[in-house]
């Protein structure tokens with residue numbers, strides 16, 4: 001799909017940032033499909049939370065069909081089906097059962113097994129397309145970027161949804177889900193030198209009915225993360241010279257956390273949103289291409 | 001992108017059509033700067049025909065907003081179409097800019 005060492009023209013490439021959004025992040029596969037059709041190379045991928053899964057499978061160089069199959073194997077309702085009874089007891093009686101930062105209400109054994117099945121021993125730096133995955137440092141809340149090391153560890157850290165899964169330890173530090181620091185980390189692509197960034201972001205859905213403590217917590221989390229998404233996006237869009245092209249799929253159907261049955265529809269909406277921006281993107285890349293050729297011509301003739 | 005500037009009393013209406021992006025934002029900013037330099041700081045951007053803005057467009061709008069407000073004026077948006085509104089909302093612009101359903105309403109808002 002992409003070649004890390006490909007010597008092709010730098011101008012005809014874009015960075016793709018996939019924000020948090022659980023299974024909705026599969027819409028990025030629709031974006032990738034459109035880029036492939038138009039012959040536009042992905043120079044780097046940035047992924048956060050659910051976006052980390054899709055950024056990773058795209059960076060591996062799989063076909064869209066293989067990406068869909070990998071996604072269906074990886075992300076199903078069973079991954080959060082098993083509660084951790086001891087975790088609940090630790091909440092209720094911390095002095096008896098002990099309480100520390102290694103806390104999550106759901107067992108992460110299955111999700112970990114599936115990540116290992118999908119990514120094996122792959123190291124991020126060995127992927128065909130440069131990949132940067134984000135997580136949040138549990139000790140200080142800072143955005144941490146994983147551009148090297150175990151892919152399984154980085155994805156697991158990036159999707160360590162607070163309260164659901166326990167934070168993940170890498171090199172002695174604990175990490176939470178990347179959305180806690182920035183749900184759509186376009187700043188990472190900017191820091192890595194991207195000039196043209198396709199940013200696919202998703203607002204967290206608000207609860208239709210608050211009927212349990214969990215739903216109350218999800219609502220609070222959605223409010224916080226949506227406000228954070230807007231403020232971070234505004235800062236990066238305004239403070240940097242890079243061109244950020246937001247690609248925001250419109251879902252007419254409500255997509256739930258594990259709606260993998262709706263993957264074809266989700267991908268279709270991603271494709272539709274990407275196609276809407278293609279006329280502009282192609283004009284922009286053509287202009288960059290002309291400027292690049294002019295620079296090369298000047299260098300050659302000076 | 002097409003830009004058309006027309007006065008409406010002591011308000012200046014800037015009609016922007018097409019796409020404000022990395023290729024066109026400089027032209028828009030230059031047009032808006034000329035109006036502000038000429039003392040026309042009560043601006044209404046008619047976005048009826050604007051179908052897209054990227055981060056470059058947001059920067060142009062914000063730059064103009066700062067300049068008009070520092071001179072006692074404002075930049076107000078009229079008839080923002082759904083795709084553009086989505087980007088404005090994502091960037092938090094709907095919290096700092098005043099939006100109106102149509103151009104007459106935006107012009108009338110300056111009378112208040």
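Bear in mind that the values in this text are calculations on the coordinates, not laboratory data. Keep in mind it's a predicted model, so treat the numbers as computed, not measured. Please note: Cβ atoms are built from the backbone with ideal geometry, for glycine as well, and neighbour counts cover all protein chains shown.
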Working from Cα positions, state the angle (0 to 90°, nearest 10) between the long axis of helix A:109-119 and the longest principal axis of chain A. 20 degrees
Cβ neighbours within 10 Å from other chains - mean over A:236-246: 6
Translational diffusion coefficient, Stokes-Einstein: compute it for the range B:14-81 using the Kirkwood radius over C-alpha pairs as Rh, at 20 °C and 1.002 mPa s, and state it as an integer in µm² s⁻¹. 182 µm²/s
Given a 10 angstrom Cα cut-off, can you work out which residue in A:36, A:195, A:253 is the most mobile in a GNM of chain A? A:253
What FRET efficiency comes out for the pair residue B:66/residue A:250, r = Cβ-Cβ distance, R0 = 35 Å, nearest 0.05? 0.65
Residue separation between residue A:239 and residue A:272 times 0.36 nm, minus their alpha-carbon distance, gives in nm 9.0 nm
Percent breakdown of C-alpha pair distances by 20 Å bin, ordered from the shortest bin, for the protein assembly as shown: 26, 51, 21, 2
Pop the C-beta distance of residue A:88 and residue A:37 into the FRET formula with R0 = 51 Å and round what comes out to the nearest 0.05. 0.55
Taking 56 Å as R0, compute the FRET efficiency from the Cβ-Cβ separation of residue A:99 and residue A:297 and round it to 0.05. 0.25
In the Gaussian network model of chain A, springs joining C-alpha atoms below 10 Å, which of A:133, A:45, A:110 carries the largest mean-square fluctuation? A:110
Measure nothing fancy, just the Cα-based angle from helix A:50-59's long axis to the longest principal axis of chain A, in degrees from 0 to 90, nearest 10. 40 degrees
Using 7 Å Cα-to-Cβ label points, what is the residue A:147/residue A:73 separation (nm, one decimal)? 3.0 nm
Please compute, for peptide B:82-93, the average count of beta-carbon atoms on other protein chains lying within 10 Å of each residue's beta-carbon. 5
For residue B:110 paired with residue A:290, estimate the spin-label separation in nm (one decimal), with each label point 7 Å from Cα along the Cα-to-Cβ line. 3.6 nm
Kindly provide the helix-only [θ] at 222 nm of the protein assembly as shown, computed as the sum of -39,500 (n - 2.57) over DSSP H runs of four or more divided by all residues, to the nearest 500 deg cm²/dmol? -14000 deg cm²/dmol
Taking Cα atoms, the helix A:64-74 axis meets the longest principal axis of chain A at an angle in degrees (rounded to 10) of 10 degrees
Which number do you get for Rg(Cα) / (2.2 N^0.38 Å) in the range A:166-298? 1.33
For chain A, what is the percent of antiparallel DSSP beta bridges, rounded to the nearest 5? 40 percent
